[in-house]
Amino acid sequence: MQEFNYHTHTYRCGHADLDMTDEEYVEAHIKMGFKRMAFTDHCPEKNKIDKRKNMRMEYDQRKEYLKNIQALKEKYAEQIEIQSGYEVEYLPGEEENLKELKAETDKLVLGQHFVYDDNQELKIHGKHDFSNKELLRYAEYIEQAMKCEIPDIIAHPDIYMLKRKEFGKIEEEVAHLICKAAEKYKIPLEINLNNIFAKTYYENRKLNHKPIEEQRKKLEKVVYPCKEFWKIASEYDILVVYGIDAHHRGQIKLFNEFVELANEIIGKETIEKLNFIDLK
C-alpha cells in the first residue's frame, strides 16, 4: 500500500462533509496505516476570481486552518507525519499570490479546474464544454505553473476528459503536453481516486457498503482516471502518486479498494510501467 496521501480536504471548502473535523481525517489516515498525510484544501483566493459558492475556503480562514493543522502535527507526531497545503489553480497574473500560499505551507497540489477563454471569462471543468483551444490552454497553464515552480504535484491531470466524448487527437496532444512538462520539471502526476468514489461507493450523497464486486459494475461511469491518458504517461520518465482527494467520512478507509479499481481501469500493463513514488 502507498503509505501516504497528499490530497485531503476539509469542511472549509463548503462541499466536503461539514460535520467532519480535521482530527477525524487524521485519525482515519492513522487507522489505515498511512505514515504521512497532507491537508490540501481548496485554496483561498487573494483576488476573488472563482465566484462559485461552496468551492473553497475564504481568504481570512487561512490562519485558523494552518494553526489547526500545526496543533494536529504536534498532537499526532508519534503516529503520523502531517503536512499543510492547498489545492490551487494557476491563472496568469496570480503567480505571486500562489507563491505566497506555497511559502506558508508544506505542499501545493495543482488541480486545474478552469482556464480563461479569449474574453478573459472563466471556463470551468464540468460546467462548460472546453473548446479545443481552451483544452490546449489547460495544458499550457499546467506547464506554466510547473515552470514557475508552484506545484509539488499535479492533481487529476486527466480531469479534462469530464466533458469529452472520446479520447481523440486533441485529447492525445494534451496528454503528451502535460506528461512532457511533468518529465521536464520532475513534478509527479496524481492518479486521482475521487471520481471512482463518486461513481461507485457514494450514491445520493451517502456512502454505501456494497462489496467491491458490485462497485466494479459501475466503472463504466468513471471518467478519470482515464486509461488512454495513463497509457501515454507510461511512455514518459515521470513520477506517479495515488491521491484520495478525500472530502467525505468513510472515503479514506476505502483507499485499497479505490486503488484496485483504478488499476483495473488503467490496465495492469500500463500500471507496471508507471514509476510510483516511495515514502522517503
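Assorted remarks:
- Contacts under 7 angstrom Cβ, first residue in segment 211-229 being open to solvent by less than 100 Å² (accessible area, probe 1.4 Å), partner among the hydroxyl-bearing types (Ser, Thr, Tyr), 6 or more apart: Gln215/Thr200; Gln215/Tyr201; Lys218/Thr200
- If you filter segment 233-280 down to residues that are acidic (Asp, Glu) and touching a helix residue (DSSP H, G or I) at 6+ places or on another chain (Cβ under 8 Å), you find that the one that is nearest to Val223 (Cα to Cα) is Glu264.
- So Glu213, is it closer than 27 Å to Gln120 by Cα and among the acidic types (Asp, Glu): no
- Checking segment 146-158 against the condition returns a match, with at least one residue being under 21 Å from Ser234 (Cα atoms) and among the charged types (D, E, K, R).
- Only listed residue being at pLDDT 95 or above and closer than 19 Å to Cys148 by Cβ, chosen from Glu78, Glu64, Glu96, Glu23: Glu96
- Pairs with Cβ under 7 Å, 6+ apart, first in segment 169-191 and assigned to a helix (DSSP H, G or I) and surrounded by fewer than 20 Cβ atoms within 10 Å (Cβ to Cβ), second at pLDDT 95 or above and of a type in the set (Gly, Ala, Ser): Leu177/Ala139
The values are calculated or read from the model by the stated rules, or taken from the named source; none is laboratory data. Note that the coordinates shown come from a computational prediction; the quantities given were computed from them, not determined experimentally. Positions of Cβ are generated from backbone atoms using ideal geometry, with glycine treated the same way; all protein chains shown enter the neighbour counts. Note: areas computed on protein heavy atoms with side chains; ligands, DNA, RNA excluded. Shrake-Rupley method; radii C 1.70, N 1.55, O 1.52, S 1.80 Å.
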